[in-house]
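To keep things clear, I will list the structure first and then write my remarks on it.
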Amino acid sequence: MLNKSANAEILKYPESIKEDVYDDYHGHKIHDPYRWLEEPASDNTKNWVKTQNELTQNYLKSIHIKDKIKDRLTQLWNYPKYSIPHKHGEYYFTQKNTGLQNQYVLYKQDSLNGEYKEVLDPNTLSTEGVAALTTSSFNKEGTLLAYGISKNGSDKQEIKIRDVNTAKDYHEELKWCRFSGIAWKKDSSGFFYNRFPETGSVAPEDEGNYSKIYYHKLGTEQKEDIVIYEDNKHKELGFYPSISEDNDYLLIIQYKGTAVENNLYVKKVDSDEPLKKLFEKPDASYNYVFNIKDTFFIRTDESAPNSRLVSFTLDKNDKKDWKTIIPENKDDVLAGIDVINNKFIALYMHNAHHILKVFDFEGNFLNEIELPTLGAIEDVSGNKEDDEMFIKFISFTYPSMIFRYDFKTQKLEEFRKSEIHFDSNDFETKQVFYPSKDGTKVSMFLAYKKGLKLDGNNPTLLYGYGGFDVSLNPNFSIQRIVLLESGFVFAMPNLRGGGEYGEKWHKAGMLEKKQNVFDDFISAGEWLIENNYTKKSKLAINGGSNGGLLVGACMVQRPDLYGAVVCAVPVLDMLRYHKFTIGRYWIPEYGNAEANKDHFDFMYKYSPLHNVKKDVKYPPLLITTADTDDRVVPAHAMKFASTIQEYNKSENPSLIRIETHAGHGLGKPTSKFIDEQSDVYAFLFKSLDLL
C-alpha cells in the first residue's frame, strides 16, 4: 500500500490482505475484504496488530510534548481518592486509592472516624494491576463479602467469598459469571446469583445465552448449586436476582439484551411456591424500589416516559389496581429512588443535571436537598433506618466530593473534600441549547477557562454518546484538566438516544431513528463554529463504544468538519456486530441487518465501515481498542482502520492503538489509563496544530 503521508519515514502503513469475501443481505452483495481480522489468534492478525502498534507508537513518540502531558497527568492523578461510604451492619465500607495505585482497595471501619482495616486489595492479584473488583455484595451484618474479580478488562468474572473480619476467602470459586447479581439470604447461609452455561456445554455462540439463577450454599462446591429459575425456551433472555429490602422476597429481573423493557418475578425467599410474574409482558421498565410487607413500590415508565412511582399489593398487581405515589413530572425525569430514613429520596434530571427531592411513603413532597452547583450525583448511600445519607457529587470543574446529609438537621455538609492539585476557580461551565438538523432543541454543556475569547480559534473537544438510554450528566474528569489548562473548550451535547429527557428522547435515537443522533452531533459541531468557539481545523471529536460508532459515523458523513477524530473501543461494523460475544444484546437498540430487511436498509446506510469512500480526504484519526475486549471486539476497529488506510486520500494519519491485556475499559489500571491518555492528547495537540 502506498504511503500518503508527509511523514514518510514514520507513516508507512502495513500491507493489509484483502479477501474476496461476500455476504448476501436481502439481495445486496456486500464485500467484507478484511474478514480475516475477526480471527484474533491467527498469525496474520497478530502480525498486523504488531506492525500497526509499532507504526502508531513511532508516530506518537515523535511528538515532543507527549512526555510533558504524561508528567502532568501523573501529577494530577496522584492524590487520595475515595468511594462513598456504604454501611452494612455495624461497619462502614469504603474503597480507597492512595493516588497512583492501579486498583482501589476495599476497607472497613468500625465508625466514620475509625481506623481503616483492609478487606480486599485487588492489586495483589496481578503484577500488572489488571485484576479488578467488579461486583460486591455484603450480607446483612457486613461480615461476609461475595465479590467478583475481572482480569484483563474482561466482562467475565469469577465470584469468591471472603470473611470480612479475617480477610480470608472461602475455598469455593464460582465461574461462568458475567453481569452477575449477588443476593444474600438474611441468615447468611448462601446467596442467589446468575450465570451463563459452563464453557463447552453449549455451542460457542450460545455461551452468552441460557442465563440461569442459581442458589449457592456457603462452603459448598459450585457443582452443588441449585437452579432456581431458567427459561430454556427463550435462550436469549437474561435474569438477575435481588432481595427485597426486608429480606423476605426474592426478586428476579427478566431482561432481553439492553432493552429498557423488562419484567419482574417474585416469591417469598423460603417458600416452595413458584415465582409470580408481576406483569403480563415486558412492555416498559419496571424497577423495584421498596416494599412494606406485600405492598410493592415500583419505579416505571409505563404510561409515563419520564417515569413515576407506583404501588400495588401482590394479590392485586393489575395496572388498574396501581396507586400512583409520585406522579410523572412532565419537565424532569425521575432517574432513581432510594429509601433512606424511612423516606423516598428521589433523584431527578432537569435539563440533564440532577435535583434531589425527599418524599414520605404517601408521596407527599417534604423538601429538596440543595446541591452545591449545577452538577450530578454519582452515588448515594444510606439504609432505611439511618439518620444520615452520603452523596458523591461532581460537575465539570467540581472534583468528586463526598457530602453527608443529616436528616435531623436537614443539613448537607462536606464529608470528604477532593485533594486534587488544580484550581477550579480558573474555569467555568455553562449550558446552551442549539437546533439539530430537523429543528429539535438539544442541550449542550460547555467547560473552559474563564475569559475565553470567542474568536473562532479555540481548540475544542466535542464528546458524545447518544444511545442505550445512557445520560451524560455534568461530570468531572481528571485527564480533562490537561485540555482545559491548555485552552481547550470541552463540549458535551445531550444527544437523542440518551436518557436525559426520558424514554421518548431515547426512542428518538434508536433503530430507524439512529441518524438523529448523528445529526445532533454534527449540528453541535456546526453550532460551535457558527458561534465562534472554534473552527473546523481546531474541532476534535471523541466518543467510546456506542460513542465510537457516533464519531465513526459522523467522520464518514462529514469528513470536512473536523480537525481530529479519536474513536475509542468502537462499534463500526453494523452488519455483523451481533455475531460477536455479547453483540446480540444490542439488537433492541440497533436492529439486526441479517434477519430484517428494513433494518438492513437503515443500518447499512450509516454503518461506518460500509460508508468509507474512496478518494475522500479524511481528518486525522486515532482509533483505540484492546486485544482482550470481549464486549466490543477489536475486529470492528481493525477492519475500519484497514479500510481508512486504504481509501484515505489525505496525508492525515489514520492510526490504531491496540492495548494488550485490557478490555473495554472495565477496571483498567491507572498506569495503562495514563499511558493511553498521554498518547491520545499528544495526538490531539499535533493534529490541531497546538505544538
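Evaluation of Ala284 against the conditions (1) crowded, with 18+ Cβ neighbours inside 10 Å; (2) closer than 24 Å to Asp315 by Cα; (3) in contact with a Leu (Cβ under 9 Å, 6 or more places away or on another chain) shows that the sole unmet condition is (3). For the range 557-579, a residue qualifies if it is over 22 Å from Asp689 (Cα atoms) and either buried (at least 23 other Cβ atoms within 10 Å of the Cβ) or of a type in the set (Val, Ile, Thr) (or both), and the qualifying residues are Val569, Pro570, Val571, Leu572, Asp573, Met574, Tyr577. Which members of the range 374-385 meet the condition of being surrounded by 13 or more Cβ atoms within 10 Å (Cβ to Cβ) and either assigned to a loop (DSSP other than H, G, I, E, B) or aromatic (Phe, Trp, Tyr) (or both)? Residues satisfying the conditions are Leu374, Gly375, Gly382, Asn383, Lys384.
The residues in the range 236-247 that are surrounded by 15 or more Cβ atoms within 10 Å (Cβ to Cβ) and of a type in the set (D, E, K, R) can be counted, and the count is 2. The criterion of at least 2 residues that are more than 30 Å from His578 (Cα to Cα) and of a type outside the set (Phe, Trp, Tyr) is met by the following strands (runs of 3 or more DSSP E) wholly inside the range 160-212: 168-178.
Give the range 528-556 a look and list any residue that's among the hydrophobic types (A, V, I, L, M, F, W, C), part of a helix (DSSP H, G or I) and buried (at least 20 other Cβ atoms within 10 Å of the Cβ), or say none. Matches in the range 528-556: Leu528, Leu549, Leu550, Val551, Ala553, Cys554, Met555, Val556.
Of all residues being surrounded by fewer than 20 Cβ atoms within 10 Å (Cβ to Cβ) and in contact with a strand residue (DSSP E or B) (Cβ under 7 Å, 6 or more places away or on another chain) in the range 169-180, which is nearest to Asn123 (Cα to Cα)? Just the residue, please. Before you say what the answer is, go through the steps one by one.
Residues of the range 169-180 that are surrounded by fewer than 20 Cβ atoms within 10 Å (Cβ to Cβ), as a first pass: 169-173, 175-176.
Among the residues that remain, those that are also in contact with a strand residue (DSSP E or B) (Cβ under 7 Å, 6 or more places away or on another chain) are: 169-170, 172-173, 175-176.
Details: Asp169: 16, Tyr170: 19, Glu172: 21, Glu173: 19, Lys175: 21, Trp176: 23 Å.
Top of the filtered list is Asp169.
Scan the range 469-509 for residues that are in a loop (DSSP other than H, G, I, E, B) and either surrounded by fewer than 23 Cβ atoms within 10 Å (Cβ to Cβ) or not hydrophobic (A, V, I, L, M, F, W, C) (or both) and the total you get is 23. Being of a type in the set (A, V, I, L, M, F, W, C) and either under 30 Å from His506 (Cβ atoms) or not in a loop (DSSP other than H, G, I, E, B) (or both), is that true of even one residue in the range 218-227? Yes. Of the set (1) of a type in the set (Gly, Ala, Ser); (2) touching a residue at least 60 places away in the same chain (Cβ under 8 Å); (3) in contact with a helix residue (DSSP H, G or I) (Cβ under 9 Å, 6 or more places away or on another chain); (4) within 29 Å of Lys504 (Cβ to Cβ), all apply to Gly547 but (3).
Can you find, within the range 386-429, the residue that is nearest to Leu483 (Cα to Cα) among those that are without any contact (Cβ under 8 Å) to a residue 12 or more places away in the chain and in contact with a strand residue (DSSP E or B) (Cβ under 8 Å, 6 or more places away or on another chain)? Residue satisfying both the conditions and the ranking: Glu413.
Within the range 357-373, restricting attention to residues that are assigned to a strand (DSSP E or B) and in contact (Cβ under 8 Å) with a residue 12 or more places away in the chain, which residue is nearest to the chain's Cα centre (by Cα)? Show your work before the answer.
Of the residues in the range 357-373, the ones assigned to a strand (DSSP E or B) are 357-359, 365-369.
Narrowing the set further to residues that are in contact (Cβ under 8 Å) with a residue 12 or more places away in the chain leaves 357-359, 366-369.
Details: Lys357: 25, Val358: 28, Phe359: 29, Leu366: 33, Asn367: 31, Glu368: 28, Ile369: 27 Å.
Here the residue is Lys357.
Residues Thr127, Thr135: which one is at pLDDT below 95, in contact with a strand residue (DSSP E or B) (Cβ under 6 Å, 6 or more places away or on another chain) and surrounded by fewer than 22 Cβ atoms within 10 Å (Cβ to Cβ)? Just one listed residue meets the conditions, Thr135.
If you check Ile644 against the conditions, is it outside any loop (DSSP other than H, G, I, E, B), closer than 30 Å to Leu125 by Cβ and either hydrophobic (A, V, I, L, M, F, W, C) or over 23 Å from the mean Cα position of the chain (by Cα) (or both)? When the stated conditions are applied, Ile644 does not pass them.
Select, from Gly142, Gly200, the only residue that is surrounded by fewer than 20 Cβ atoms within 10 Å (Cβ to Cβ), more than 22 Å from the chain's Cα centre (by Cα), small (Gly, Ala, Ser) and farther than 30 Å from Thr660 by Cα. Please lay out each step first, then the result.
Details: Gly200 fails: farther than 30 Å from Thr660 by Cα.
Testing whether each residue is surrounded by fewer than 20 Cβ atoms within 10 Å (Cβ to Cβ), more than 22 Å from the chain's Cα centre (by Cα), small (Gly, Ala, Ser) and farther than 30 Å from Thr660 by Cα leaves just Gly142.
Among the residues of the range 349-356, is any surrounded by 21 or more Cβ atoms within 10 Å (Cβ to Cβ) and either free of Cβ contacts under 8 Å to residues at least 24 places away in the same chain or not in a strand (DSSP E or B) (or both)? For the range 349-356, residues surrounded by 21 or more Cβ atoms within 10 Å (Cβ to Cβ) and either free of Cβ contacts under 8 Å to residues at least 24 places away in the same chain or not in a strand (DSSP E or B) (or both): present. Scan the range 558-574 and give yes if some residue there is closer than 26 Å to Trp527 by Cβ and aromatic (Phe, Trp, Tyr), otherwise no. Among the residues of the range 558-574, at least one is closer than 26 Å to Trp527 by Cβ and aromatic (Phe, Trp, Tyr), which makes the answer yes.
Only a single item in (1) within 30 Å of Thr660 (Cα to Cα); (2) of a type in the set (S, T, N, Q); (3) surrounded by fewer than 17 Cβ atoms within 10 Å (Cβ to Cβ) is not met by Ser188, and it is number (1).
In this structure, is Tyr92 assigned to a helix (DSSP H, G or I) and in contact with a strand residue (DSSP E or B) (Cβ under 7 Å, 6 or more places away or on another chain)? For Tyr92, the condition - assigned to a helix (DSSP H, G or I) and in contact with a strand residue (DSSP E or B) (Cβ under 7 Å, 6 or more places away or on another chain) - is not met.
The values are calculated or read from the model by the stated rules, or taken from the named source; none is laboratory data. Owing to the predicted nature of the structure, the values given are computational and were not obtained by experimental measurement. No Cβ is skipped: glycine too gets one built from the backbone with ideal geometry, and neighbour counts run over all protein chains shown.
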